[in-house]
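Peer 1: What follows is a single structure, and I will ask about it in a moment.
The values are calculated or read from the model by the stated rules, or taken from the named source; none is laboratory data. Here the structure is a predicted model, which means the values were calculated and not measured. For neighbour counting, all protein chains shown are included, and Cβ atoms are generated from backbone atoms with ideal geometry for every residue, glycine included.
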Amino acid sequence: MKKCLLITALALITCSVTTQAQVGDLSSVPEAVKKGADVIKRLEDIAFEVTDIDRASLKMHQIYTILNEDGKYILNFHQYTSKFTVLGDVDIKVYDAFGKQVLKYKKKDLASIALGDGLVDDGKTYYVTIPAGSYPVTVEFEYELRFKGTLNYPTWQILVPDEGVENASFTAKIPKELDMRYKEKNIALKPAVTEDEKYKYYKWSVKNLAPIKYESRAVTASERYPGIRLAPNKFQMDDYEGDMSTWKNFGIWYTSMVKGIDVFPDAKKEFFRKLVANVPDEREKVRIIYEYLQKNFRYVSIQLGIGGYKPFPAAFTDDKKYGDCKGLSNYIHAALDAVGIKSYLALINRQPNGVPVDPAFPCNEFNHAILMAPLKTDTVWMECTSNTLDFGMLDISTENRNALVITDAGGVLVPTPVTRADENRFLAHTVVELQEGGEGKSVTTFTTAGEYKEDMRNVLNAKTDDQKEHIVHTWGFKQPDDFILTKKDDNYRVATLEMGIEKVPEFIAGNKMFVCSRIYKLWQHKMPEYPNRTQDFYFDFPLSKTDTTILKLPAKCSVDALPKPKELSCAFATYTTKYWYNETEKSVYATASLVLKQHKIPAAKYAEVKKFFDDVLLDDTQRIVVKKE
């Protein structure tokens with residue numbers, strides 16, 4: 001018996017040593033998986049289990065080997081929690097290059113920070129940053145999440161840039177009466193499906209996946225890389241049971257939550273009726289109520305998925321004078337209802353470079369709420385969290401999407417407006433007074449709209465040092481000796497910039513001064529090289545930029561040469577310039593126009609658009625040559 005125990009103990013020791021050696025040993029990893037990788041995912045075993053319509057768990061077991069400094073992001077562990085998501089036991093182990101365990105962490109060792117601006121009990125983020133003395137280093141994560149609500153099933157992210165995968169699998173265990181749906185993203189991978197009397201089991205597995213390269217300015221990360229998205233058919237959050245098999249049913253569930261909280265007391269209803277009593281136009285009534293909200297309420301970030309899914313009652317928001325996106329949208333919804341105007345809450349995925357939700361795959365991909373009012377003459381969309389956005393305008397993060405409009409009959413997917421170049425306008429009119437020594441003064445008048453107006457507002461409200469930083473590095477102006485940036489209207493559309501400049505010319509050679517046609521860069525972004533780009537490229541937004549610059553010459557100077565006019569175009573953009581000399585005014589006139597028609601550029605057209613903007617940058621190197629007489 002003792003001999004058997006000794007043999008068993010030796011076997012366990014041998015197994016432990018072998019496991020440690022394997023953790024640090026990369027010899028079994030194929031070269032194709034290691035080549036170009038910053039991280040190797042050695043093992044991933046994820047088990048998702050739904051035990052009831054409102055209960056589920058996710059067990060994670062992952063082992064990563066970080067090969068260099070660029071892979072150290074793996075060493076930043078963080079997990080969001082809320083009243084719907086509870087973090088269970090956590091076990092983190094760190095191994096050196098030889099497979100020796102050097103560090104370990106439990107849940108009690110993690111730091112935490114509260115979420116929700118301190119206004120409600122929203123939950124916490126648990127986190128730890130693991131130090132790495134040298135590379136390679138291996139880290140093993142084991143932890144469990146328990147869900148008190150099943151609105152959101154997890155997404156399995158199979159592969160991310162610069163990360164090779166040795167072995168990975170994801171298993172979903174779902175009660176047969178509930179079942180689920182799934183959607184492949186950027187990968188053709190079917191699950192092995194089995195079942196017993198009570199459950200269905202879905203298992204996806206991959207092995208020896210080579211790293212993929214990162215491409216900047218691509219679609220949001222959750223959409224661009226291989227993965228599997230899961231979604232429930234039936235679910236429950238708090239006491240609200242729902243069906244997500246169709247968008248209509250999903251909307252019916254949301255309607256059940258907002259019922260009764262979208263009304264005001266009679267006195268507040270009367271307030272809004274008096275506010276628009278003498279206004280016959282329906283759209284104008286909506287504008288007045290929207291601008292009332294902008295002037296009197298503030299936005300707080302209690303986001304969908306953190307602060308819960310049910311808005312605060314309209315009366316609560318009225319009393320507190322603040323709210324999150326769904327609370328403020330619900331407020332205007334109730335106000336419009338008080339004056340007899342129909343409107344609907346709309347759920348949307350707000351994120352940079354986002355894509356519309358898939359009409360064929362009902363799923364909760366939403367993190368934001370806006371409002372839609374279908375008027376007799378047009379449809380008005382309202383971003384209720386902004387104190388400055390023009391009435392009837394959305395910003396780039398919610399345009400070009402599918403919003404789930406919560407109607408009386410259920411959810412309906414409706415496309416939001418498409419961003420237009422003429423809505424994001426940047427007009428600059430500059431007069432530069434050049435002196436014989438090369439110094440000068442300039443006055444620029446800006447007229448802006450859309451995203452450029454929001455940018456102007458932020459700059460005008462910034463500190464002087466931050467203004468100067470933005471003027472030089474974002475707008476591309478010459479470094480000023482002194483400057484004054486002044487707001488010229490209450491809505492931030494018009495502003496002036498007065499600058500004193502020690503040296504207007506780029507350089508002086510003998511009696512000639514070589515002067516840029518503009519004292520700022522109409523365009524200054526060099527698009528990166530991607531000979532074989534695979535992802536669509538996203539600019540910030542479509543745009544229209546127009547410049548007029550008047551260069552006033554000193555009395556003893558004349559024009560020696562002007563730049564050649566230019567006309568450039570591609571499928572998505574145009575660029576034109578003109579130059580002339582007004583002898584009577586002794587002034588050089590330079591005009592330029594740049595229009596980017598859409599911000600999403602298909603990968604197949606990337607080379608064409610890159611060449612266009614490279615040519616724009618090249619044209620900017622032309623100079624006005626001024627000769628001293």
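Peer 1: Quick one: in the range 490-507, of everything that is in contact (Cβ under 8 Å) with a residue 60 or more places away in the chain and crowded, with 16+ Cβ neighbours inside 10 Å, which residue is nearest to Lys564 (Cα to Cα)?
Peer 2: Among those residues, the one meeting the criterion is Pro505.
Rundown of residues vs (1) of a type in the set (A, V, I, L, M, F, W, C); (2) out of contact with any Pro (no Cβ under 6 Å at 6 or more places or on another chain), yes/no style:
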{"site": "Asn367", "(1), (2)": "no, yes"}
{"site": "Ile370", "(1), (2)": "yes, yes"}
{"site": "Lys376", "(1), (2)": "no, yes"}
{"site": "Trp381", "(1), (2)": "yes, yes"}
{"site": "Ile396", "(1), (2)": "yes, yes"}
{"site": "Arg401", "(1), (2)": "no, no"}
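Peer 1: Looking at Met244, Met237 in this structure, which one is touching a strand residue (DSSP E or B) at 6+ places or on another chain (Cβ under 7 Å) and modelled with pLDDT under 95?
Peer 2: Working: Met244 fails: modelled with pLDDT under 95.
Just one listed residue meets the conditions, Met237.
This table checks each residue for (1) under 30 Å from the mean Cα position of the chain (by Cα); (2) in the same structural domain as Asp319 (by TED's automatic domain parsing); (3) in contact (Cβ under 8 Å) with a residue 60 or more places away in the chain; (4) not in a strand (DSSP E or B).
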| residue | (1), (2), (3), (4) |
| --- | --- |
| Pro211 | yes, no, yes, yes |
| Glu215 | yes, no, yes, yes |
| Ser222 | yes, no, yes, yes |
| Gln236 | yes, no, yes, no |
| Gly260 | no, yes, no, yes |
| Lys268 | no, yes, yes, yes |
| Ile289 | yes, yes, no, yes |
| Gln294 | yes, yes, yes, yes |
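Peer 1: Right, another one. Being among the aromatic types (Phe, Trp, Tyr), at pLDDT 95 or above and over 19 Å from the mean Cα position of the chain (by Cα), is that true of even one residue in the range 419-435?
Peer 2: Filtering the range 419-435 for residues among the aromatic types (Phe, Trp, Tyr) gives 426.
With at pLDDT 95 or above added as a condition, the list becomes 426.
Adding the requirement that they be over 19 Å from the mean Cα position of the chain (by Cα) leaves 426.
Yes; the residues of the range 419-435 include at least one that is among the aromatic types (Phe, Trp, Tyr), at pLDDT 95 or above and over 19 Å from the mean Cα position of the chain (by Cα).
Peer 1: Answer yes or no: is there a residue in the range 62-72 that is touching a residue at least 24 places away in the same chain (Cβ under 8 Å), closer than 22 Å to Gly123 by Cβ and surrounded by 16 or more Cβ atoms within 10 Å (Cβ to Cβ).
Peer 2: Applying the first criterion (touching a residue at least 24 places away in the same chain (Cβ under 8 Å)) to the range 62-72 yields 62-72.
This time we only want the ones that are closer than 22 Å to Gly123 by Cβ, so: none.
No.
Peer 1: Could you list, in sequence order, all residues of the range 347-370 that are crowded, with 16+ Cβ neighbours inside 10 Å and over 20 Å from the mean Cα position of the chain (by Cα)?
Peer 2: Pro362
Peer 1: On the given criteria, is Lys453 within 26 Å of the chain's Cα centre (by Cα) and either of a type in the set (D, E, K, R) or assigned by TED's automatic domain parsing to the domain that holds Thr549 (or both)?
Peer 2: The answer is yes for Lys453.
Peer 1: Okay, next question. Taking the range 21-53, which residues are assigned to a helix (DSSP H, G or I) and loosely packed, with under 14 Cβ neighbours inside 10 Å?
Peer 2: Ala21, Glu31, Ala32
Peer 1: Taking the range 180-200 as the region of interest, how many residues are touching a Lys or Arg at 6+ places or on another chain (Cβ under 9 Å), under 15 Å from Trp156 (Cβ atoms) and not basic (Lys, Arg)?
Peer 2: So the count comes out to 6.
Peer 1: Could you tell me whether any residue of the range 475-498 is among the acidic types (Asp, Glu) and either outside the structural domain of Leu543 (by TED's automatic domain parsing) or in contact with a Lys or Arg (Cβ under 7 Å, 6 or more places away or on another chain) (or both)? Outline the logic, then answer.
Peer 2: Step one: filter the range 475-498 for residues among the acidic types (Asp, Glu), giving 481-482, 489-490, 498.
Next, from what is left, pick out any that are either outside the structural domain of Leu543 (by TED's automatic domain parsing) or in contact with a Lys or Arg (Cβ under 7 Å, 6 or more places away or on another chain) (or both): none.
No, every residue in the range 475-498 fails to be among the acidic types (Asp, Glu) and either outside the structural domain of Leu543 (by TED's automatic domain parsing) or in contact with a Lys or Arg (Cβ under 7 Å, 6 or more places away or on another chain) (or both).
Peer 1: Of the residues Phe316, Phe312, only one is at pLDDT below 95 and either closer than 17 Å to Lys269 by Cβ or surrounded by fewer than 21 Cβ atoms within 10 Å (Cβ to Cβ) (or both); which? If you could, list the steps in order and put the result at the bottom.
Peer 2: Working: Phe312 fails: either closer than 17 Å to Lys269 by Cβ or surrounded by fewer than 21 Cβ atoms within 10 Å (Cβ to Cβ) (or both).
The unique qualifying residue is Phe316.
One line per residue, one yes/no per condition, for (1) more than 17 Å from Gln524 (Cβ to Cβ); (2) of a type in the set (Ser, Thr, Tyr); (3) in contact with a Ser or Thr (Cβ under 6 Å, 6 or more places away or on another chain):
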{"site": "Ala561", "(1), (2), (3)": "yes, no, no"}
{"site": "Leu568", "(1), (2), (3)": "no, no, no"}
{"site": "Phe572", "(1), (2), (3)": "yes, no, no"}
{"site": "Tyr579", "(1), (2), (3)": "yes, yes, no"}
{"site": "Glu585", "(1), (2), (3)": "yes, no, no"}
{"site": "Ala592", "(1), (2), (3)": "no, no, yes"}
{"site": "Gln598", "(1), (2), (3)": "yes, no, no"}
{"site": "Glu608", "(1), (2), (3)": "yes, no, no"}
{"site": "Asp615", "(1), (2), (3)": "no, no, no"}
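Peer 1: Within the range 331-347, identify whether any single residue is modelled with pLDDT under 95, part of a loop (DSSP other than H, G, I, E, B) and either among the small types (Gly, Ala, Ser) or in the same structural domain as Gly410 (by TED's automatic domain parsing) (or both), and answer yes or no.
Peer 2: Taking every residue of the range 331-347 in turn, none turns out to be modelled with pLDDT under 95, part of a loop (DSSP other than H, G, I, E, B) and either among the small types (Gly, Ala, Ser) or in the same structural domain as Gly410 (by TED's automatic domain parsing) (or both).
Peer 1: So how many residues does the range 166-220 have that are among the polar types (S, T, N, Q) and closer than 25 Å to Pro359 by Cα?
Peer 2: The number of residues fulfilling the criteria is 2.
Peer 1: List the strands (runs of 3 or more DSSP E) that sit entirely inside the range 546-629 and contain at least 1 residues that are without any contact (Cβ under 8 Å) to a residue 40 or more places away in the chain and either out of contact with any Cys (no Cβ under 9 Å at 6 or more places or on another chain) or not assigned by TED's automatic domain parsing to the domain that holds Gln535 (or both).
Peer 2: Answer list for the range 546-629: 566-569, 573-582, 587-596.
Peer 1: Looking only at the range 62-105, which residues are among the small types (Gly, Ala, Ser) and in a strand (DSSP E or B)?
Peer 2: Gly88
Peer 1: Taking the range 441-467, which residues are part of a strand (DSSP E or B) and of a type in the set (Lys, Arg)? Please lay out each step first, then the result.
Peer 2: Initial filter on the range 441-467 (part of a strand (DSSP E or B)): 441-448.
Answer for the range 441-467, where residues must be part of a strand (DSSP E or B) and of a type in the set (Lys, Arg): just Lys441.
Every residue, every condition in (1) hydrophobic (A, V, I, L, M, F, W, C); (2) touching a helix residue (DSSP H, G or I) at 6+ places or on another chain (Cβ under 8 Å), yes or no:
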position	(1), (2)
Met382	yes, yes
Phe391	yes, yes
Asn402	no, no
Val418	yes, no
Ala421	yes, no
Gly437	no, no
Ala462	yes, yes
Gln467	no, yes
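Peer 1: Taking the range 74-111 as the region of interest, how many residues are within 27 Å of Arg55 (Cβ to Cβ) and without any contact (Cβ under 8 Å) to a residue 40 or more places away in the chain?
Peer 2: Residues in the range 74-111 being within 27 Å of Arg55 (Cβ to Cβ) and without any contact (Cβ under 8 Å) to a residue 40 or more places away in the chain: 4 in total.
Peer 1: Six or more apart or on different chains, Cβ under 7 Å: which pairs go from a residue in the range 374-396 that's assigned by TED's automatic domain parsing to the domain that holds Val286 and within 18 Å of Glu451 (Cβ to Cβ) to one that's basic (Lys, Arg) and not in a strand (DSSP E or B)? Could you list them?
Peer 2: Listed by first residue and then by second, the contacts come to Thr388/Arg457; Phe391/Arg287.
Peer 1: Continuing with the same structure: Kindly check whether there is at least one residue in the range 520-527 that is of a type in the set (S, T, N, Q), within 27 Å of Lys578 (Cβ to Cβ) and assigned by TED's automatic domain parsing to the domain that holds Ala462.
Peer 2: Yes: one or more hits.
Peer 1: Given the criteria part of a loop (DSSP other than H, G, I, E, B), more than 33 Å from the chain's Cα centre (by Cα), in the same structural domain as Thr621 (by TED's automatic domain parsing) and not charged (D, E, K, R), does Gly438 qualify?
Peer 2: Judged against the criteria, Gly438 is a match.
Peer 1: For residues that are modelled with pLDDT of 95 or more and aliphatic (A, V, I, L, M), scanning just the range 115-150, find the one that is nearest to Trp247 (Cα to Cα).
Peer 2: Top of the filtered list is Leu145.
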